[in-house]
1. Could you grab the relative contact order for region 205-284? Cα pairs under 8 Å, six or more apart, rounded to a whole percent.
2. Kirkwood Rh over alpha-carbon pairs of the chain, then Stokes-Einstein at 25 °C and 0.890 mPa s: what D in µm² s⁻¹, rounded to an integer?
3. Figure the gain on full extension for residue 108 and residue 316 (residue separation times 0.36 nm, minus the Cα-Cα span) and round it to one decimal in nm.
4. Below 8 Å between Cα atoms, with a sequence gap of 6+, how large is the relative contact order for the chain in percent?
5. Can you tell me which of 36, 76, 266 moves the most in a GNM of the chain? Springs connect C-alpha atoms under 10 Å apart.
6. What ranking of 224, 183, 211 emerges when the number of other C-beta atoms within 10 Å of each C-beta is taken as an exposure proxy, fewest first?
7. How far apart, in nanometres, would the label points at residue 183 and residue 216 be if each is projected 7 angstrom from Cα along the Cα-to-Cβ direction?
8. Going by how many other Cβ atoms sit within 10 Å of their own, how do 201, 9 line up, fewest first?
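What follows is calculated from the coordinates using simple rules that are stated; it is not laboratory data. The structure displayed is predicted, hence computed values, not measured ones. Neighbour counts are summed over all protein chains in view; Cβ atoms, including those assigned to glycine, are modelled from backbone coordinates with ideal geometry.
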Ligand code: ADP
Ligand code: NA
């Protein structure tokens with residue numbers, strides 16, 4: 001039997017290069033070797049309760065992005081989290097096996113408490129439990145994610161171990177699977193490309209939008225003038241070149257260090273390389289977006305397939321918990 005894979009992505013906007021290079025490219029690559037279950041996690045998107053009027057549109061946009069990226073509904077299960085309500089039931093039950101102290105020490109939670117103390121809700125502290133429920137509802141063994149998600153996955157493993165200790169061996173301990181670019185850097189010089197920092201490029205952006213964003217990116221801050229020698233090792237544009245123009249990086253580094261190459265030229269080349277890389281995906285995206293009936297069918301059939309697995313797991317969980 002093929003090992004089962006699960007991963008989720010929040011419909012907080014369209015998929016960006018960080019999501020794609022860090023996680024989604026593995027979703028696609030794993031479809032043949034594993035039994036893959038991929039989920040647009042709409043309930044998770046509610047922890048911040050912003051832009052809920054955009055939620056339905058964002059869900060569709062993400063499904064289109066995922067299909068354009070290469071997910072094939074005949075090979076994997078692609079569905080929307082809230083369409084399989086068993087996950088909220090499992091979330092409640094797993095909560096009984098999760099010490100509150102584990103959740104309160106999660107770094108991303110502590111960060112949110114500092115950032116928005118007026119909006120620390122119960123859902124936010126429970127986020128890792130819902131994420132664990134997402135994964136174990138399908139008894140997934142492998143979880144393709146970006147590096148930022150590894151601490152959450154470690155917590156999921158702890159919750160699984162505790163549940164299994166109390167109620168008997170029920171769930172496998174899920175393991176993360178990283179790509180060769182597990183942390184994609186941002187255009188503003190920060191370590192992480194992220195939608196909330198607006199330092200990202202959406203897969204669905206136009207070539208013009210993409211170029212504009214790349215041209216406004218931050219390079220080596222110590223390089224004030226064109227004639228100054230640069231330091232590629234601290235430049236995010238250089239780091240992105242490693243992914244998009246791998247055969248030219250030595251020449252780029254050399255040109256930067258000797259100031260024979262300028263940042264403007266370097267960014268233009270990166271923008272062109274990204275646009276070239278994304279062109280086929282963008283063409284597929286435009287085709288898929290035209291067929292709304294196909295999208296409806298994919299989303300509906302995905303939920304049916306996922307729910308069939310979920311129901312079986314819940315019968316076992318309830319029996320083990322004495323319900
Ligand atoms: P975001 O962080 O943009 O809100 P999600 O939290 O929904 O997106 O993450 C979806 C997937 O994309 C996760 O597996 C996450 O680890 C991955 N991911 C997000 N940003 C990056 C990044 N900059 N580099 C690598 N992977 C990333
Ligand atoms: Na994330």
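1. On the way: 77 pairs, mean separation 27.7, N = 80.
It comes to 35 percent, rounded to a whole number.
2. Details: Rh = 21.1 Å.
Translational diffusion coefficient: 116 µm²/s.
3. Numbers: separation 208, 0.36 × 208 = 74.88 nm, distance 3.20 nm.
Fully extending the segment from residue 108 to residue 316 adds 71.7 nm.
4. Details: 476 pairs, mean separation 75.2, N = 323.
Value for the chain: 23 percent.
5. Highest fluctuation among the options: 266.
6. On the way: 224 8, 183 16, 211 19.
Going from least to most buried by this count: 224, 183, 211.
7. 2.6
8. Details: 201 25, 9 20.
Placing the least packed residue first, the sequence is 9, 201.
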